[in-house]
Amino acid sequence: MAEEMKTALLDRHMKEVFDWSDADIPVRDALWDYFMEENGHDTIKTEETMLPVLNYSDDQLKALIEEKLKK
């Protein structure tokens, strides 16, 4: 059986992963947008913040998104 790509969750749409979201953008984009706002639209800082997130497990990603993006 082929191993699932580690970033598969990041590439799924928010509304596919979270029943509380109606956003039709990938999880990766939602996180990027959130971090851009938090970092004052500084692309370099956002990239530095986002880079470790790419190695998160699905459970870690879901927890992060629940904490930061769920309203």
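The values are calculated or read from the model by the stated rules, or taken from the named source; none is laboratory data. Everything numeric here is computed off the predicted structure, so don't read it as measured data. Reconstructed Cβ throughout: ideal geometry from the backbone, glycine too, with neighbour counts over all protein chains shown. We work out accessible area using only protein heavy atoms, side chains counted, and drop any ligands, DNA or RNA first. Shrake-Rupley method; radii C 1.70, N 1.55, O 1.52, S 1.80 Å.
Scanning the stretch 13-47 for residues that are β-branched (Val, Ile, Thr) and in contact with a strand residue (DSSP E or B) (Cβ under 8 Å, 6 or more places away or on another chain) turns up 25, 27.
Looking across the stretch 24-71 at every residue that is at pLDDT 95 or above and part of a loop (DSSP other than H, G, I, E, B), the one that is most open to solvent (accessible area, probe 1.4 Å) is identified as 41.
Within the stretch 50-71, being within 13 Å of residue 20 (Cβ to Cβ) and among the β-branched types (Val, Ile, Thr) holds for one residue alone: 65.
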